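*Asks:* Sharing a structure, written as structure tokens. Questions coming.
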Amino acid sequence: MPPTGLEPCKMNRKKGDKGFESPRPYKLTHQVVCINNINFQRKSVVGFVELTIFPTVANLNRIKLNSKQCRIYRVRINDLEAAFIYNDPTLEVCHSESKQRNLNYFSNAYAAAVSAVDPDAGNGELCIKVPSELWRHVDELKVLKIHINFSLDQPKGGLHFVVPSVEGSMAERGAHVFSCGYQNSTRFWFPCVDSYSELCTWKLEFTVDAAMVAVSNGDLVETVYTHDMRKKTFHYMLTIPTAASNISLAIGPFEILVDPYMHEVTHFCLPQLLPLLKHTTSYLHEVFEFYEEILTCRYPYSCFKTVFIDEAYVEVAAYASMSIFSTNLLHSAMIIDETPLTRRCLAQSLAQQFFGCFISRMSWSDEWVLKGISGYIYGLWMKKTFGVNEYRHWIKEELDKIVAYELKTGGVLLHPIFGGGKEKDNPASHLHFSIKHPHTLSWEYYTMFQCKAHLVMRLIENRISMEFMLQVFNKLLSLASTASSQKFQSHMWSQMLVSTYGFLKSISNVSGKDIQPLIKQWVDQSGVVKFYGSFAFNRKRNVLELEIKQDYTSPGTQKYVGPLKVTVQELDGSFNHTLQIEENSLKHDIPCHSKSRRNKKKKIPLMNGEEVDMDLSAMDADSPLLWIRIDPDMSVLRKVEFEQADFMWQYQLRYERDVVAQQESILALEKFPTPASRLALTDTLEHEHCFYRVRMAACFCLAKIANSMVSTWTGPPAMKSLFTRMFCCKTCPNIVKTNNFMSFQSYFLQKTMPVAMALLRDVHNLCPKEVLTFILDLIKYNDNRKNKFSDNYYRAEMIDALANSVTPAVSVNNEVRTLDNLNPDVRLILEEITRFLNMEKLLPSYRHTITVSCLKAIRVLQKNGHVPSDPALFKSYAEYGHFVDIRIAALEAVVDYTKVDRSYEELQWLLNMIQTDPVPYVRHKILNMLTKNPPFTKNLESPLCNEALVDQLWKLMNSGTSHDWRLRCGAVDLYFTLFGLSRPSCLPLPELGLVLNLKEKKAVLNPTIIPETAAGNQEAASNPSSHAQLGGFQNPFSCSQEEEEIDMDTVHDSQAFISHHLNMLERPSTPGLSKYRPASSRSSLIPQHSSGSDGTPPTKPPWTVELARKGAGKEQSPLEMSVPAVPAAPLSLFAKEAAASKHGEHRRRHEHKKKKKKHRHKHRHRHRHDARERERDREPFAFSSPASGRSARSPSLSD
Amino acid sequence: MADTAASASGSGTRSGSKHSTNPADNYHLARRRTLQVVVSSLLTEAGFESAEKASVETLTEMLQSCFNVDTLPAYAKRSQRMVITAPPVTNQPVTPKALTAGQNRPHPPHIPSHFPEFPDPHTYIKTPTYREPVSDYQVLREKAASQRRDVERALTRFMAKTGETQSLFKDDVSTFPLIAARPFTIPYLTALLPSELEMQQMEETDSLEQDEQMDTENLALHVSTDDSGAEKENASVLQQNPALPGSRNGEESVIDNPYLRPVKKPKIRRK
């Protein structure tokens, strides 16, 4: 459903107009992070942080910070002990007694939990009470220094320790640790304001073993030995205001390489890899030069560091002035395939240094601007480095990806707006997760989000020209660099935050163009356009009658209205026409320039001015049309299905110079298996000036049409003679030349052709013997001795080719597969695989590409029934300690086995690995592969689908993955794939058959009982957002009389409700929300306080304990300390203090000024708050609640 | 003229034979005798008919002490030189004529004819031989391929036999023995670092390329055995020379990078 909410986005823009309004009641100016002990053996970290903040409201008495996993020993504010509470609802999203097991419910609750600690909503896990001695100080808005001692023990996320188990000291073992995570995850390793919008300067200190190096953000000021000379302390200063989320750390026995071209750039790698590091980074300075030139702006930080580490969370992670890369990107000069990939990673990370690290974002909904700009300038770098063909090919690839994803899932929204009270317009109702927070997003969605963002930037460029585009970027950067040099307290720092509004305003200022329609189409709403085109040529009128239809009703589509470029290649030349796509006009008449009678000798002019000779005999004699292209510049995010005759596609393939057009025609020719298509493809394949990727695509297409033409095919198998001519010896055509990969184009072609050839099938649907022999000969005669480059990728592809040649075994009455009845061809294949796999043990190839291919091939043989299906081999290769590529390949085979053989045991083995594997990337990948290749889906009956599995997965996403956002979202994806949105069908009916629907105020049959199809409607009505279930409480300040009459006790079972209200209640203390209410109603901002003054009995809050203890050395954790607080008497947090304080009186005075009616109103609200507060207070710790048989575990205790 | 020389040489021989006891003395005596012959012949050339023994001795001493080798060849080729008669030859060595290749080279004019002849040409000249390129190539490739395959097969089988294995078939563990997968403690090292063999190969191909650039004759030879060599194209985009401009290397020591700075000693804590 495309959202109709135009209003809220305008509202939001207006909000942006006023500049940045912090959602927090204070401003952070400086933070010190000091980690004085790192123990690799125990994987623990001890340190402190000190935050310097300035209150921005007078009555600030609670400060909320983000912190996860950390054990907090002591908090002091201006040297005074401060009480604090640590509450993290994301640890356990729904309480264990909940039998709902319904993903809708979970997603809502999860979104609410994330909201409840979201720094951008002014929340946090750690709530610190300002000591009463400082209240006066705070009222004067004077500086507060918050000092927090913390430690971290065996962190599961945020910081990753790699400690190889060999002999020797930690440095000798190559042990290292680095920060990692998805989006803002810094709270996992030190307490901070984990938001991209809270900038401050930094002082970072790390004391590490003398043999280690600590790499962090900013300038290394000095390195000092400790007194015992066994350790040294690295002192870093980061004077450019930076968000905590962009702070990072890597510690290890790194080898140091100062970049020979730029001395302020330093590279780090693990021991022994220095030669690879030298080669890999030798190119980086060119990327620097490129970006600095196009942005006409120097790299903003005074230094840059690259660190290559093992067991990376992601291949590339950019942080302020440093990037963390996977060590697997390192390569020597002999490796061809990895080189461009690694360079792309380097360039990507550098683009993010400018946009993402230096320039940060105001809020999550502005993320698309940063991802868009960094992706866009990265694209410009690609264009310059790899050429226009590669660039256009990449754009086409990205476009296809996003189109496929949006059509599959129903849309990616770049700029989600969440207007207050307009939750019904939830733009993401088609998704099984909330898009309100980065932490609730499916990883795949986020990847696609980034893809769409840079494509949209390209559309903007098309609209306003690249020159203006770069001017806008330059403007953003120069504003930010001016701001960054300012002292704190000036509000300049917010210039370093980009917002959608600010970005669009810059565009209109610079270009003077109105791009509002474009933004509305691609940014404010989701979906892509689906065109269907066909044409007829009207000979009498000499007019091309083009019909363009759109599908805008399917999920993930939207209607396109506006200009659309159509290019028509006629005999007399190529002509562009801009059609106006309107509501109801489907047909467009395009006058033709040429007469159909053609002059035989005349050359045909092409779009690029070139004139070529063509054999026009294939053409329709009556028509002057050679080919037609719709939207050739890809200036709409669309999918085009265009119908034109086969000869037109063939002309397009042969003569159109745009690689995208060539690829499109190759795709279309699959449907025309004719000798003419064959010839066109063969010619393309042979044509050396043709882009190599097009030639590679032609190989696969040729294989497909050869298979379709199998009965009429003449001559040797497709591509064989071609390959022989290109790569074999002239005198002995069965022997391939010794390898020489100096020409990369032919190298890639040489690699690909056998793989495509192996897909050929004869009339019996078997791979022709001739082809198999040919491939085996290629392997046999492969000789790399005189080659400058490694042939490991080539050999790996030869194994892939062997695997491609395998066809299903002819099985006689289901006999058991043994060696005796092995097909002789398969025997030959197996022989090769065995030898290759064994040789890998003795002479391993780069990144073990050959092992990877062998494992894949073995799985193919198993699946086709030649070899007994058995996961044991793969399981041994999947173990920790193998190279990650091997592990992933092996795990993929196990996942496939689990699906094909419906093995419960293997599924359990995989699930166990998801929970216990030391490498976060592998855990993530298993979930990802299970989701892509699920053992069963929601519509299929499967013996694997049982209650225990549901419980297991539920537990996994509910509490088992709380340390890793990406993993949790992956678990949600899997749960969705397996069971869908509603209650899994394999579960028994819940005990409670009736539920109260609060919104409609009536009891209905529990929707979870209704089978899925019926529940569909229900979902549509109630699911739009997390808050639908709690609809009545959406906006506590505008609710009606009736809602107040609802008995609060009926909603006892909803953790989501509570978390949500936790959120709602916390909000009032943030000034950011004041726009929802009249400015004068200040008292309502802090209901807890006023409730005290209004005479509600002051009682000690049950869920808090005075944590401030003298003597911070207490071993007990704050979490444990909070346990004894059982008394169930409800009241708000600091009511007592508030009542006694001047703050309370202050507020009361204000209240008198208000109108009576209003006052009463407020009063009632407050009453409701209290009720809710009570409810909330009781929930997490109410061990004796009669309505719930909940265990005594509180959410904050579950970890 | 000849007499004096003969007598002079004769006396030298005599005096030498008196007390020739060890090889070193022998050598010195022989050398001295030869010098005396030379001095005598020089004197004869200069027109003296006879000379006193003492003066010959003195001249010999002089020649012995200031003998300039560099000027010798020119001197040897002077026009009016005198040829010294051959010493009596006792046993003329019989040269076996079994191996004959090419023509024996005559002595250059300045070398007396009684000197030994040059060795037979087969002992020192290159013998260019030509393989049949076409059919041979195929055989060679075939041979190289099967040889490598056999070696690999034998090696992996041996490794499989001596260590743990895995099998794809439950009923048969010997036909396709797979060396068991063994996890590494540091898996990225083996995966990323080129093996020694590859390093060696890389050096070889590098030196090969240099050879090819320097020696064009050699290149032709390569092409005859390896026709792919002819298709070598020039450096491509991805490949780039990481070599630095020479001046940079000199600056290396001046680089001010905070990670290269020495670690400071701890300060006394300030209170």
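*Asks:* So for the stretch A:473-537, if I pair up every lysine 8 or more residues apart or on another chain, how many of those pairs have alpha-carbons under 25 Å apart?
*Replies:* Lysine pairs meeting both conditions in the stretch A:473-537 amount to 7.
*Asks:* In percent, what relative contact order does the stretch A:453-544 have, based on Cα pairs under 8 Å that are 6 or more apart in sequence?
*Replies:* 25
*Asks:* Mind giving me the FRET efficiency for B:Tyr124 and A:Thr482? R0 is 51 Å, r the Cβ-Cβ distance, nearest 0.05 is fine.
*Replies:* Plugging the Cβ-Cβ distance into 1/(1 + (r/R0)^6) gives 0.05.
*Asks:* Run the paramagnetic zone check for A:Phe700: 7 angstrom along Cα to Cβ, then residues of the stretch A:663-689 with backbone nitrogen under 17 Å.
*Replies:* The answer is A:663-672, A:681-682, A:685.
*Asks:* Counting Lys and Arg as +1 and Asp and Glu as -1, what is the net charge of the other residues whose Cβ lies under 14 Å from the Cβ of A:Leu455?
*Replies:* On the way: positive: A:Lys371, A:Arg392, A:Lys396, A:Lys401, A:Lys452, A:Arg458, A:Arg463, A:Arg638, A:Lys639; negative: A:Glu397, A:Glu398, A:Asp400, A:Glu406, A:Glu461, A:Asp631, A:Asp633.
Once all neighbours under 14 Å are counted, the net charge is +2.
*Asks:* From other protein chains only, count the Cβ atoms within 10 Å of every residue's Cβ in A:789-802, then give the mean. Write out the running numbers ahead of the final one.
*Replies:* Values: counts 3, 5, 0, 2, 0, 0, 0, 0, 0, 0, 0, 0, 0, 0.
Mean shielding by partner chains, rounded to a whole number: 1.
*Asks:* At 7 Å along Cα-to-Cβ for each site, give me the label-to-label distance between A:Glu905 and A:Lys671 in nm.
*Replies:* So the two model labels end up 4.8 nm from each other.
*Asks:* Using the beta-carbon distance between B:Ser146 and A:Lys408 and R0 = 51 Å, what value does 1/(1 + (r/R0)^6) give for FRET efficiency, to the nearest 0.05?
*Replies:* After rounding to 0.05, the efficiency reads 0.50.
*Asks:* Among the listed pairs A:Lys384/A:Lys786; A:Lys383/A:Lys602; A:Lys786/B:Lys143; A:Lys384/A:Lys549; A:Lys565/A:Lys751; A:Lys68/A:Lys145, which are separated by more than 26 Å between their Cα atoms?
*Replies:* Checking Cα-Cα distances, A:Lys384/A:Lys786; A:Lys383/A:Lys602; A:Lys384/A:Lys549; A:Lys565/A:Lys751 exceed 26 Å.
*Asks:* Further question: Taking Cα pairs under 8 Å and at least six residues apart, what relative contact order does the stretch A:354-456 come out at, in percent?
*Replies:* 40
*Asks:* Provide Rg over Rh for the stretch A:256-396; use the alpha carbon set for both Rg and the Kirkwood Rh (inverse mean inverse pair distance).
*Replies:* Across the stretch A:256-396, the Cα-based Rg/Rh ratio is 0.95.
*Asks:* Would the stretch A:607-754 count as rounded, prolate or oblate if I go by the C-alpha gyration tensor, calling it rounded below 1.5 in a/c and otherwise prolate when a/b exceeds b/c, oblate otherwise?
*Replies:* Prolate, since a/c reaches 1.5 and a/b exceeds b/c.
*Asks:* Where the only charges are on Cβ atoms (+1 Lys, Arg; -1 Asp, Glu), what is the dipole of the stretch A:134-209 about its Cα centre, to the nearest 20 debye? Let's see the in-between values first.
*Replies:* Working: 7 positive and 9 negative charges, 47 e Å.
It works out to roughly 220 debye.
*Asks:* Would you mind giving the mean number of other chain beta-carbons within 10 Å of the Cβ of each residue in B:260-267, as a whole number?
*Replies:* Partner-chain Cβ atoms within 10 Å, mean over residues of B:260-267: 5.
*Asks:* Looking at the square roots a ≥ b ≥ c of the eigenvalues of the Cα gyration tensor of the stretch A:101-209, which shape do they give, rounded for a/c under 1.5, prolate if a/b is larger than b/c, or oblate?
*Replies:* Oblate, since a/c reaches 1.5 and b/c is not below a/b.
*Asks:* When the chain is fully extended, how far beyond the present Cα-Cα distance does A:Ser554 get from A:Glu172, taking 0.36 nm per residue of separation?
*Replies:* 131.6 nm
*Asks:* Related question: Residues with beta-carbon under 10 Å from that of A:Gly533, excluding A:Gly533: net charge, scoring Lys, Arg +1 and Asp, Glu -1?
*Replies:* -2
*Asks:* A further question on this structure: Count charges around B:Ile186 for me, please; just the other residues with Cβ under 10 Å from its Cβ, Lys/Arg as +1, Asp/Glu as -1.
*Replies:* 0
*Asks:* Based on the mean of other beta carbon atoms within 10 Å per residue, what is the order of A:106-118, A:62-74, most packed first?
*Replies:* Result, highest mean Cβ count within 10 Å first: A:106-118, A:62-74.
*Asks:* Compare the Cα positions of A:Val566, A:Gln550, A:Ser594 along the charge dipole of the stretch A:542-635 (+1 at Cβ of Lys, Arg; -1 at Cβ of Asp, Glu; about the Cα centre) and return the one farthest towards the positive end.
*Replies:* Value: A:Ser594.
*Asks:* Note down the nm distance, to one decimal, between modelled labels 7 Å out along Cα→Cβ at B:Ser113 and at A:Lys565.
*Replies:* The modelled label-to-label distance comes out at 9.5 nm.
*Asks:* Moving to a separate point now. Under the definition of partner shielding as Cβ atoms of other protein chains within 10 Å of a residue Cβ, what is the mean value for peptide A:866-874?
*Replies:* 3
Read the figures in this text as sums done on the coordinates, not as results from a lab. These numbers come from a predicted model, not from an experiment. Here the Cβ is made from the backbone with ideal geometry for all residues, glycine too, and neighbour counts use every protein chain on show.
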